[in-house]
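See structure below.
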Amino acid sequence: MKYSEISILLVDDDEMIRNCICAFLEDEGFMVHQASSGEEALDSIVSINPTVCISDLRLAGMDGESFIRRACRLCPTTAYLLHTGMDYPLSDELRAIGMTPADVLQKPIHELSTLTRRIVAVATAGGRIG
Amino acid sequence: MPLRYAAEQIEQHKKALVDILDTLPSIIVRVDRDGCVDLVNRRFELFSGVSAGNALGMRIVSLIPQFADQLENVGQVIDSQTPMEFDKLLCRKGSQLSYYSLEIYPLKSEGEAMAVIRIDDITEHVRIEEIMAHTEKMITVGGLAAGMAHEINNPLGAIMQNAQNIERRVSSGIPANLKAAGEVGVSLDLVRAYLEKRGIFEFISHIRTAGVRASNIINNMLHFSRRSEPQIESVDLSEMLDRTLELVASDYDMKKLYDFRNIDLVREYAPTMPPVSMVVQEMEQVFMNILKNAAQALSESGKEGTSRITMRTYADHGMAVIEIDDNGPGIDDSIRTRIFEPFFSTKEVGVGTGLGLSVAYAIVTKGHHGSLTVRSKPGQGTCFTIELPAGEELR
């Protein structure tokens, strides 16, 4: 599998975080798109149809959980990851769309290669990428 | 009405009044303008150790000198006919500290001007007030810490992750790096050699290490201030105790004060134990508080030989028993009986809050329907025993 076959949509309202994670993921070879809010991401997610979508939990406007619940109706084959600095127990709704506690990434990620491993794991699971 | 009957009636009323005064939990004294005692109740006798017979006619200040400052006001109260109140007066009786309130009322009756003094032991009341204030403070601090940690996590992430990005953008493994270097006409190898020579790679690595350290401190701090609902889990005690020991060993504050590497931690776990239902974070706190206490006792004792803490588990009559046994200096009986009292601390002000073991006691007994006891032999060590219902569902 080539990383360039994996497209990622990163949703975070903190530009600094968005830029630094995007830079890393681009260096890894992924195809990266970004959005600064859940609303903005919902506008673009259908045309991008990302393999993986990583969203912050606490966003200005719609929160990350509401965003994922709506986004997964538009793009049901996308794998969703939550990125949060809070102690967040996964809700039943998000479990129902197949998310597991391993899909909740605790901020700050000390070593970004753990993010790569999780992306590859969810991208290959469920036959999203061969 | 015959005189004899009237006298009986007066006697009965007098007895009823004395009974009422003696039944009240307050210390009650009647004094004249000079502060000479003319009536006391039973509570006064118990408190001052002076019988009513001996107290009569004596100056009140000489009987209860601990309140001398307040009792000086008797004359003023009588002259102004305005009561005076004094709150939270601290008194030491032996090793015990108690709080009192003292009130002086002008007596509104005909004849000689008198005053009534009422003194109440309000220690319990003050303690509860303090606990509530402290709890409130901790909740505020916890809330602040949680909010602050979240705010810090983003910039901290940017620091650590951008340091990682810098490392990667000067590495030779990424084609885009070679391409960019070529475009500006420098050799990536030479750039790397320069960075190496000036120790810049080391600086970057230090930025990452420092970031990880700061992030770990925040995580430790957050550990006890999580506001999410406590989750009851059925756990394997041996695993849980091992995790707690790891947590203790990595606790920054504890590492600073006592070095757990100098303590021999012995595990004597029963090979098979029934699972136990508990709120893991709360019980972690219980074990940490007891271990912290043991470590402190061991470090203060300064005795020869190996310092040792033994963690023991066994099942007994449907209870899972955990013993935390140290070979420290032990605890005197006078301290042992008060060890679970809130705010009881033998440590200097600022060192201990006096809450650690009382919190542990509350968590075990109220939260987990278990028991927490302590036995000790001065000079030989102290053993805390925690019993938790095995396998049973909580709540």
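The values are calculated or read from the model by the stated rules, or taken from the named source; none is laboratory data. These figures come from a predicted structure and were not determined experimentally. In this analysis, Cβ positions are derived from the backbone assuming ideal geometry, glycine residues included, and neighbour counts consider all displayed protein chains.
So, in the range A:85-106, exactly how many residues are at pLDDT below 90 and closer than 23 Å to residue A:19 by Cβ?
Count: 3.
Among the residues in the range A:55-78, are any within 22 Å of residue B:156 (Cα to Cα) and away from every other protein chain (no Cβ under 14 Å)?
yes
Which residues, taken from the range A:95-114, are more than 9 Å from chain B (Cβ to nearest Cβ), closer than 24 Å to residue B:151 by Cα and part of a helix (DSSP H, G or I)?
A:101, A:102, A:103, A:114
Just one of A:46, A:104 is free of Cβ contacts under 8 Å to residues at least 40 places away in the same chain, surrounded by fewer than 16 Cβ atoms within 10 Å (Cβ to Cβ) and β-branched (Val, Ile, Thr); which is it?
None of the others qualify; the one that does is A:46.
Would you please name the residue that is farthest from the other protein chains (Cβ to nearest Cβ), looking only at residues in the range B:156-185 that are β-branched (Val, Ile, Thr) and crowded, with 17+ Cβ neighbours inside 10 Å?
By that ranking, first place goes to B:170.
Restricting attention to the range B:11-35, which residues are surrounded by 14 or more Cβ atoms within 10 Å (Cβ to Cβ) and either in a strand (DSSP E or B) or among the hydroxyl-bearing types (Ser, Thr, Tyr) (or both)?
Answer for the range B:11-35, where residues must be surrounded by 14 or more Cβ atoms within 10 Å (Cβ to Cβ) and either in a strand (DSSP E or B) or among the hydroxyl-bearing types (Ser, Thr, Tyr) (or both): B:26, B:27, B:28, B:29, B:30, B:31, B:32.
Quick check on this structure: which one of A:55, A:36 is within 13 Å of the chain's Cα centre (by Cα) and touching a residue at least 40 places away in the same chain (Cβ under 8 Å)?
Going through A:55, A:36 in turn, the sole match is A:55.
When the range B:63-87 is examined, which residues are found to be surrounded by 13 or more Cβ atoms within 10 Å (Cβ to Cβ) and not hydrophobic (A, V, I, L, M, F, W, C)?
Once the filter is applied, which keeps residues that are surrounded by 13 or more Cβ atoms within 10 Å (Cβ to Cβ) and not hydrophobic (A, V, I, L, M, F, W, C), the range B:63-87 yields B:66, B:70, B:73, B:75, B:76, B:83.
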